[in-house]
Each structure stands twice: as structure tokens, then as C-alpha cells.
Amino acid sequence: MAKTIDMQVMRYINLFERISRVSTTNCFVYNNTIYFAVPKSKVMVAVGKNGENVKQLSDVLRRKIRIVAQPSENMDKVLALKKFIGDVVSPVEFTSLEMNSDGILVLSGEREAKAMLIGRDRSKEKELAEVLEMNFGVKEFKII
């Protein structure tokens, strides 16, 4: 699956690579926060000593920055999805995650967690669905 990167995301990636000296092609915006997904072995390098790289990026971009571990290729897809979604939506916790053969992902949680995952006018749910489609090829995403 080919991912398209718009000019704004390309600028974010270039700035991230210049400051952290870690290369990535995975950048997305969720809940007004810019996320960079890097290989698990490079997360601490990307964050920098005492979080200096994240602070510098946040100051330049004037937005919250989070760095998450990119799931490995040989990991089970459901387990990789659970870990990735958990990192992205943290500190919100969900109870279960199920994926059927049609590519439909169902996420369930407690009432407050569901409300936080869905967001006003389903904005957070739509953003997360776009991220999952771009990174994992999830066709449909539901929160129940």
C-alpha cells in the first residue's frame, strides 16, 4: 500500500530528521498533536537526552510532539495494532481490540474511554481511522 505525503507532513519529517538525526517516513496528526513513528531501537535517540529533541521540535512547530515506536514487520498484526493504538491514544485505555477477516477493526472500552476516543462530532475517531488506514490498511474502524 502506497502512502501519500503532503507538503506539510514532508516539512515536519524534514525538520524532525534534521533535529533528531533519525529518519522516518511515518508522521501523522492526531488530536492536535504531531506523531512521529520511528523504529523501536531509535526511539530514545529521537527523543534526545532529557527530551531535548522533542522540546526543540515543540518550540519550533508550536504544537505537542510525541514519538511512538513503529510496529515491527514480523509482529502479529492484531498485537501490533493494539500496541500502536495504545501508544497513540495514551493515557486513554481500551478494553479489547478485535479484527475480522474483512479488515474491520472493532475497539471497545468503558464509557468514558469511548467518549474520549470518539471526540466531539466523531473528530478523533475519524482521525484515528485515517491513521490506521494509512499505516495498517484497516478498511473500517468502529468503537463500541
Bridge type composition, the chain - antiparallel percent by DSSP, nearest 5:
45
Taking a straight Cα-to-Cα line shorter than 25 Å from residue 49, and setting aside same-chain lysines fewer than 8 residues away, one finds 40, 64, 83
Percent antiparallel among DSSP beta bridges with both residues in the range 77-143, to the nearest 5?
50
Selected from 14, 100, 32 as most flexible by GNM, with the chain as the system and alpha-carbon contacts under 10 Å:
100
Go through (i) 0.95; (ii) 1.05; (iii) 1.23 and flag the label whose value is the computed Cα Rg over 2.2 N^0.38 Å for this structure.
(ii)
Which of the lysines could a cross-linker bridge to residue 139, judged by Cα under 18 Å and excluding same-chain residues fewer than eight apart?
3, 77, 82, 124, 126
Quick check: from the Cα gyration tensor, does the range 7-70 come out rounded (a/c under 1.5), prolate or oblate?
rounded
Full-stretch length increase - residue 121, residue 10 - with 0.36 nm per residue and alpha-carbon distance subtracted
37.1 nm
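FYI, it's all coordinate maths here, none of it is from the lab. Computed from a predicted model, the values in this text were never measured in an experiment.
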